[in-house]
Structure formats: structure tokens, C-alpha cells
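What follows is a short report on a single structure.
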Amino acid sequence: MAIAANQSRRQLHFIVFPVMAPGHMLPMIDVARMLARCDGVMVTIITTPVNANRFRSMLDRDRECGFNIGALELRFPCKEVGLPEGCENADLVPKGKNLEMNFLAAVGMLRPHVEAAMKRCEPPASCIVSDMLLIWTAEIAEGLNIPRIVFNGSCCFSYWCSNKITDSEILGGVKSDTEMFTVPDLPHKIQVCKAQVKGVTFDPNILNPDLAKLVAEKLRQSINAAYGAIVNSFDELEPDYVKEYKKMYGGRVWCVGPVSLCNQEYEDQALRGATSAAEKKIDEQQERLMKWLDLQEAGSTIYVSLGSLARLTPRQMTELAVGLESSKRPFIWVLGKKDMHLDAFEDWNVSTGFEERNKGRGVLIREWAPQVLILSHPSVGGFLTHCGWNSTLEAISLGVPMLTWPLFAEQFLNEKLVVEVLGIGVSLGLKVSVNWDGSEDKGNIVVVKSEEIKEGIDKLMDKEAGKERRRKVKELGEKAKKAVQKGGSSQCNLMALIQAVATFGATKL
Ligand code: UDP
């Protein structure tokens with residue numbers, strides 16, 4: 001679908017504003033780049049200098065190809081909120097020091113600067129694609145009389161489950177944290193417990209319900225009041241839930257994913273999200289990793305990553321290590337950033353000779369992994385994932401079945417979609433959500449035992465028992481690829497979104 005002739009002369013200027021956390025920034029930058037590839041669209045991404053460094057080379061390449069895309073860099077007020085200088089992304093916030101709220105406060109302090117920058121935009125902003133969590137962009141959009149489109153970084157399924165749980169007030173009648181109940185009013189029978197969904201639902205039994213309710217309601221209102229929503233999903237993946245979601249916005253829900261598939265060049269896949277300027281080149285280590293993968297049998301390797309923010313406790317990490325070793329399969333395990341937990345694990349690693357013993361069969365990645373590139377490799381046959389939506393959809397789009405280990409937020413609901421609705425995963429059976437640092441609220445440590453991990457891997461990778469799961473996920477992967485190609489559902493939805501912004505003034509009259 002082309003933009004109508006009378007609008008094609010006017011350039012549309014999309015402002016894209018992600019929260020600075022990898023799971024939010026990566027898909028929104030993909031969306032920004034997809035938009036900029038469309039005729040007559042200019043895109044400006046609002047961010048801060050440290051974050052801009054993470055995707056500068058990508059935008060430079062896009063501009064060399066003639067696409068009109070850039071970043072507007074605002075100073076991040078680290079000092080004002082007591083954060084270390086340069087702490088401009090949630091993945092840089094030091095763990096265990098209770099600085100998460102300071103980080104969010106600094107994001108909030110950007111408001112007047114965002115507003116002023118948007119007023120000065122040239123050509124004037126046509127719309128703002130705002131992270132769903134940035135409530136205050138609603139007033140900026142209203143002041144400029146432009147549509148505010150929220151980016152929902154999860155799937156329609158989890159959004160609907162959490163809304164149905166909250167709206168029905170079913171949690172009020174649930175006796176314990178671990179009692180299973182059925183999510184009301186869904187096309188599928190989905191059972192969860194309170195402890196799994198506490199971060200994404202409202203429980204009327206909590207101590208200070210008025211305040212919690214107020215916050216939850218404010219967020220919900222701001223989401224509902226948006227002109228429409230962009231979702232990183234595709235129509236064929238969860239049709240019933242897309243339909244439900246569309247009812248909320250008079251049809252203005254655009255599933256444009258899987259957005260990670262817009263990274264078709266090797267360089268984009270290899271460098272997507274790499275966290276420092278020094279990592280902005282494909283280094284020897286990465287080349288060695290790809291060569292190592294080339295040597296493994298097709299479908300033999302398990303890839304392990306629990307996302308960009310979550311940490312496992314050291315004890316849990318050693319259980320995972322033992323589970324991986326006893327599975328006797330090739331593995332890649334992303335350990336993530338250096339911190340106290342990782343230091344303690346490294347001590348164990350050295351003293352037990354874990355890494356040394358598994359040389360050749362297992363690869364440990366410290367810091368950032370080129371996830372999309374790894375998942376694309378034919379040797380990868382399974383993904384042990386925390387079910388963050390980006391990781392989940394990346395696995396689906398690349399046809400990789402999952403072993404699910406949800407940790408917090410809506411990840412338990414994503415697990416339900418993967419295992420029970422789509423039939424493309426094996427669950428490790430976790431019942432309780434944890435904090436970012438891997439500990440439970442009460443300080444206990446949740447442990448998935450090494451034997452359970454081994455069993456899960458065996459089940460996932462089993463040639464016979466896993467056949468149907470593999471067939472289903474490959475089929476969904478093919479559908480995902482078709483969706484983002486010319487004429488595919490996501491590509492058509494992207495065009496419909498541009499058309500809706502182009503005609504915004506007219507439809508409002
Ligand atoms: N990711 C990556 N390399 C890493 C860790 C994460 O490329 O070492 C990417 C991953 O591909 C995904 C995103 O970071 O796109 C993580 O988002 P997700 O929603 O899966 O989880 P979160 O990090 O938000 O918990």
C-alpha cells in the first residue's frame with residue numbers, strides 16, 4: 001500500500017522514544033529503521049549519548065543507503081539523581097544498591113528537554129512512537145496535536161492475560177501465592193498462580209492497594225488513551241489475541257514483527273545491541289564463536305541466555321553449569337556483565353575447572369552475545385530462555401524450540417504462550433517470580449536443580465519426542481519471515497500505520 005498521492009509530498013517525521021533498557025531499545029530501534037526504509041518517512045530516535053553510541057554505526061550505514069534516520073541525544077541527569085556518570089541504561093545500573101528508582105527518576109527528568117526538542121523539530125514531528133511506560137509523552141503529544149502511538153514490547157497474549165486477571169479481580173479470591181487459577185475469559189484455558197504474575201497484575205489484597213492501584217491505573221489509562229499501539233508480534237502468531245487487542249483501539253493496533261528480522265546484514269546481526277563503542281566491530285572472539293558453531297552437528301547445540309538484565313544467584317549459576325555439563329551436549333552460555341554474582345561464579349569455575357574441562361564442548365560468553373546471529377546458526381537446536389518477549393520472538397522467527405525459565409514481569413505468561421498455546425517449548429516448571437538479581441523477595445534463593453535442567457534439555461533436544469515441537473516452530477518461523485516480506489501481514493501493517501499517521505488530522509476532524 002502506498003501513501004496517498006496528496007500526502008506523499010509531505011514528509012512524515014516519526015519521533016521514536018524508547019526507555020533505555022536493551023529489551024526496550026533494541027526492538028524500538030528496529031521499528032525506527034523499518035519506518036525509515038519506507039518512502040517519505042524521516043525518523044528521529046530520542047536517546048542519550050551513551051545509548052546513541054550503541055547504535056550509531058547502524059544508523060550511519062542506514063544513512064549511507066539513503067535512509068533518513070538520526071538520533072537526538074539529550075544529556076542524562078546521572079549526577080542529579082545520584083547515579084554514576086555514564087549510567088544511562090538500565091543494564092548499567094549497579095546491582096544490589098537500590099538505584100533502579102533513581103534511574104527511573106532520571107528518565108522522568110528528561111521530560112522538559114524532550115518537550116523542547118520536539119517543539120523545535122524540523123520538519124515538525126508528525127507523531128511520537130513512545131515506549132508504553134513513558135506516561136508523560138501523552139501530554140507532550142497532546143500539546144503538539146500529534147498522535148501518540150505506544151510501543152508494546154510484549155505480545156498481545158500476555159497483555160490480555162494480565163488485563164483479564166486485573167479487571168476480573170480474581171486475585172482477591174485466591175488464597176495463596178502458589179494456588180493455580182484459570183485466567184478468566186480467554187479462548188485458551190490458561191492456569192497461573194499469583195506468584196508468577198505479581199509484576200504485571202494488580203492484586204487487591206496487597207498492603208497499600210490505593211497507591212498501587214493508582215499507579216497501575218495511570219499506566220493503563222495512558223496506554224488506553226494512545227492513538228494506537230505498535231506490537232512486536234505478527235498476526236499469524238496469535239490471531240485471537242491480536243483481534244482482542246484491536247478492539248481496544250478501534251483497530252489501530254499494528255503488529256509489525258518480528259522486528260529483529262529487519263537485521264538482514266551480517267554486520268547488523270553481529271553488532272545489534274553490543275554495549276560499548278569498542279565492541280562495535282566484529283572481533284576475533286566472535287569469529288571464533290561462529291567457526292566453533294560451524295563445527296557442531298546441525299541442531300545439536302543449546303544456547304543459554306536469560307536476557308540483558310536478570311542475574312542468577314551464584315549458587316543457581318553453578319547448578320546451571322552442572323546441568324549443562326551433564327547434558328553432554330554442546331552449549332553456548334551467556335554469563336552477562338561482570339558483577340558480584342559473576343565474580344563468585346568465576347571463583348567456583350576456576351576452582352572446579354568447569355570451563356577448562358568443557359573446552360571444545362561449551363563456550364561461555366562474558367558481556368554481550370550476538371544473539372540473533374547465534375540463533376540463526378543451523379547448529380543451534382534449542383534455546384534455554386527466560387522468555388523475555390524479544391528473545392522469545394527471535395527464537396520463533398528463527399525456528400528454534402525453547403526450554404523456558406521465566407524470571408519476572410510478563411515472562412511467565414510468555415512461557416504459557418510458548419509451551420501451552422503454540423506447543424514449541426518445554427517448561428522447567430518455575431512457580432515463583434524473582435527479583436532482577438535472582439533472589440526471591442524474602443531473601444530465599446530459588447534453585448532449579450541441575451538434574452531438572454538436564455532433564456529439560458534432554459526432553460527439548462530429544463530427536464523423537466521433540467519432532468513435533470521442532471516442526472511447529474519451523475513452520476512459525478516460515479510464517480514470521482513471510483509476514484515481514486513485501487505483501488506480508490507485518491509489512492502491510494507497517495504501511496497501514498504510516499497511512500494512519502499521514503491522515504491523522506483528517507480522521508480527527
Ligand atoms: N541480547 C543480545 N545479547 C545478549 C543479551 C541480550 O543480543 O547478550 C538481546 C536479545 O537478542 C533481545 C534483548 O537483548 O533482543 C533482550 O530482550 P528480552 O525481551 O528477551 O529480555 P530482557 O533483556 O528485556 O529481559
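Each Lys and Arg contributes +1 and each Asp and Glu -1, all at the Cβ; summed about the Cα centre of the chain, the dipole is approximately 920 debye. The C-alpha atoms of the chain define a longest principal axis, and helix 489-502 lies at about 30 degrees to it.
Taking each of Lys213/Lys449; Lys189/Lys472; Lys95/Lys175; Lys119/Lys247; Lys449/Lys472; Lys359/Lys479 in turn, the alpha-carbon distance tops 27 angstrom for Lys213/Lys449; Lys95/Lys175; Lys119/Lys247; Lys449/Lys472; Lys359/Lys479.
Under the rule a/c < 1.5 gives rounded, and otherwise a/b versus b/c splits prolate from oblate, where does segment 304-349 land using the Cα gyration tensor? Oblate is the answer for segment 304-349, as a/c is 1.5 or above yet b/c matches or exceeds a/b.
Peptides 182-190, 368-376 ranked from most to least packed give 368-376, 182-190, packing being the mean of other C-beta atoms within 10 angstrom over each peptide's residues. Among beta bridges identified by DSSP and lying wholly in the chain, the antiparallel ones come to about 10 percent. Pairs of alpha carbons in the chain separated by more than 42 Å make up 15% of all such pairs. The charge dipole of segment 41-143, taken about its Cα centre with unit charges on the Cβ of Lys, Arg, Asp and Glu (plus for the first two, minus for the last two), comes to roughly 200 debye.
Quick check: the angle from helix 49-64's long axis to the longest principal axis of the chain, C-alpha only, nearest 10 degrees? The two axes meet at around 70 degrees. Taking the number of Cβ atoms within 10 Å of each Cβ as an exposure proxy, the fewest-first ranking of Cys492, Cys78 is Cys492, Cys78.
Its Kirkwood hydrodynamic radius, worked out from the mean inverse distance over all distinct Cα pairs, puts segment 350-423 at 13.8 Å.
Ranking Val322, Ile498, Gln196 by how far each Cα lies toward the positive end of the dipole of the chain (charges on Cβ) leaves Ile498 at the top.
Ranking Trp348, Ala483, Ile374 by how far each Cα lies toward the positive end of the dipole of the chain (charges on Cβ) leaves Ala483 at the top.
Cβ crowding within 10 Å, taken as a proxy for footprinting-reagent exposure, orders Cys65, Cys387 from fewest neighbours to most as Cys65, Cys387.
One chain, two ends: Leu211 and Glu367. Fully extended at 0.36 nm per residue, the span grows by 52.4 nm beyond their Cα-Cα distance. Charge dipole of segment 115-256 (Cα centre as origin; +1 on each Lys and Arg Cβ, -1 on each Asp and Glu Cβ, all else neutral): 80 debye, rounded to the nearest 20. Judged by the mean number of other Cβ atoms found within 10 Å, the most tightly packed of the peptides 231-238, 459-466, 19-26 leads the ranking 231-238, 19-26, 459-466.
Shown here for segment 59-100: trypsin sites (Lys or Arg not before Pro) in loop regions (DSSP other than H, G, I, E, B) with at most 14 other Cβ atoms within 10 Å, namely Arg75, Lys97. For the listed peptides 243-252, 170-179, a ranking on the average number of other beta carbons within 10 Å per residue, highest first, reads 243-252, 170-179. Distances between placed amide hydrogens fall under 5 Å for Phe331 paired with Ile302, Gly362, Val363, all partners being 5 or more residues away or on another chain. Proximity of backbone amide H atoms, modeled 1.01 Å from N, is registered between Leu403 and Phe383, Leu384, Thr385, Val426 at under 5 Å, excluding neighbours fewer than 5 places apart on the same chain.
Shown here for segment 50-130: GluC sites (Glu not before Pro) in loop regions (DSSP other than H, G, I, E, B) with at most 12 other Cβ atoms within 10 Å, namely Glu85.
Only DSSP H runs of four or more residues enter the estimate; each adds -39500 (n - 2.57), and after division by the residues of the chain the mean residue ellipticity at 222 nm equals -13000 deg cm²/dmol.
Rounded to the nearest 10 degrees, the angle from helix 467-484 to the longest Cα principal axis of the chain is 20 degrees.
FYI, it's all coordinate maths here, none of it is from the lab. None of these values were measured; they are calculated from a predicted model. Reconstructed Cβ throughout: ideal geometry from the backbone, glycine too, with neighbour counts over all protein chains shown.
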